[in-house]
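Scroll down for the structure; my scribbles are underneath it.
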């Protein structure tokens, strides 16, 4: 008898690992955080050992009170929310809660949609089975359903990027009242069949059938939401390209204006230098020539050089971001130098993530130097081993490098310091990328290496 009990417990535990592991996988895909299968497995086992016994005990109490299946959905989801508040304690509790609710709905709908047709066959076999046959079959079914759901979610994430599809959801459900209503709506939808039965309605709707409807609606939402995002990005890209063309034309017009001005003064300057040479005033000639070279470098050569450097950026998103930041830098009167060594076409990092990373670095550099008359230098170099990005700027004060990537840390007061932690999260998505920060001779230097994985 004791061995039979152990086999049943082991079978239920393995089934729980499959279902809970699937749910955790969906959660991290929605959240956009890359977690290894070892992490997911360990987390799943801990949850199974803690949450499932508590759920069963409380569920029995709720069933005794007549709440039934409604208690299962709500209670299980709530316990997962509290557990992931502890695991992801550095993340926003509201964001974690919203993604847990959505992941739970997707997992439950998918699980019941697949298991619905199987249950009939399962119970037919159970009527003619002896021993622990049904325990073994139950584990096999649990593993099969888990693999199917993970495969489907992986396909949709690879094709549509689920994190991008649902990234605005936490922004819309941004208050605890909305989150509670979102939670209640999820529980009601997943308990719809029981609610209908309790209301003694004549509508016969099976749990598997309703779950299939939910899955179809989710798939349609993902498809149309992706189409909407692509259209938004297309419109944004067209707007940015028009902005780039306008800025490029303005730079050319500025260079042309400087050249016309230089040509207009050319004869006068040459005549003046000729008269000074006849008078033997060599020092004055040297002074005038030096001023002439400096003026040419400042007004023409620098603008031409910047145009040439930008031509080496072959990633449109990154070029657009740089144009935007350079315009901001010029308006603030900040001294800026940029060098792009060799054409940069591929970095191994998604263009959007690379643009975000560069934007964070440049925003911090602008904020650091605009009040102290400092300068910024940016070097982007495409080498054999990968793309090297070096950004350095004048450092106003000592910075604790060990704390700059912590949430909320800033040398400029409270409410700041959100940029570099976001940069850290971006870099964590790319194991082949590395970030180094240092203070060198009064300059704050940050280096990014995007290794070539080909």
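The values are calculated or read from the model by the stated rules, or taken from the named source; none is laboratory data. Being a predicted model, the structure only gives us computed values, none of them experimental. Note that each Cβ is placed from the backbone with ideal geometry, even for glycine, and that neighbours are counted across all protein chains shown.
List of remarks:
- Selection status of residue 87, at pLDDT 65 or above and assigned by TED's automatic domain parsing to the domain that holds residue 141: yes
- Pairs, first farther than 16 Å from residue 76 by Cα in region 174-192, second at pLDDT 85 or above and part of a helix (DSSP H, G or I), C-beta under 6 Å, six or more apart: 179/97
- Qualifying residue in region 235-247 (condition: under 27 Å from the mean Cα position of the chain (by Cα), at pLDDT 75 or above and surrounded by 14 or more Cβ atoms within 10 Å (Cβ to Cβ)): no
- Neighbours by Cβ (under 6 Å, 6+ apart or cross-chain): first from region 429-440, without any contact (Cβ under 8 Å) to a residue 24 or more places away in the chain and outside the structural domain of residue 392 (by TED's automatic domain parsing); second part of a strand (DSSP E or B) and exposed (fewer than 12 other Cβ atoms within 10 Å of the Cβ): none
- Residues in region 322-352 that are under 24 Å from residue 431 (Cα atoms) and surrounded by 18 or more Cβ atoms within 10 Å (Cβ to Cβ): 344, 347, 349.
- Scanning region 326-350 for residues that are modelled with pLDDT under 85 and in a helix (DSSP H, G or I) turns up 326, 327, 328, 330, 331.
- Residue count for region 428-454 under the criterion of being touching a helix residue (DSSP H, G or I) at 6+ places or on another chain (Cβ under 9 Å) and outside any strand (DSSP E or B): the result is 2.
- Residue, nearest to residue 330 (Cα to Cα), within region 367-381, restricted to residues that are buried (at least 18 other Cβ atoms within 10 Å of the Cβ) and at pLDDT 90 or above: 376
- Going through (1) at pLDDT below 85; (2) buried (at least 18 other Cβ atoms within 10 Å of the Cβ) one by one, residue 105 falls short only on (1).
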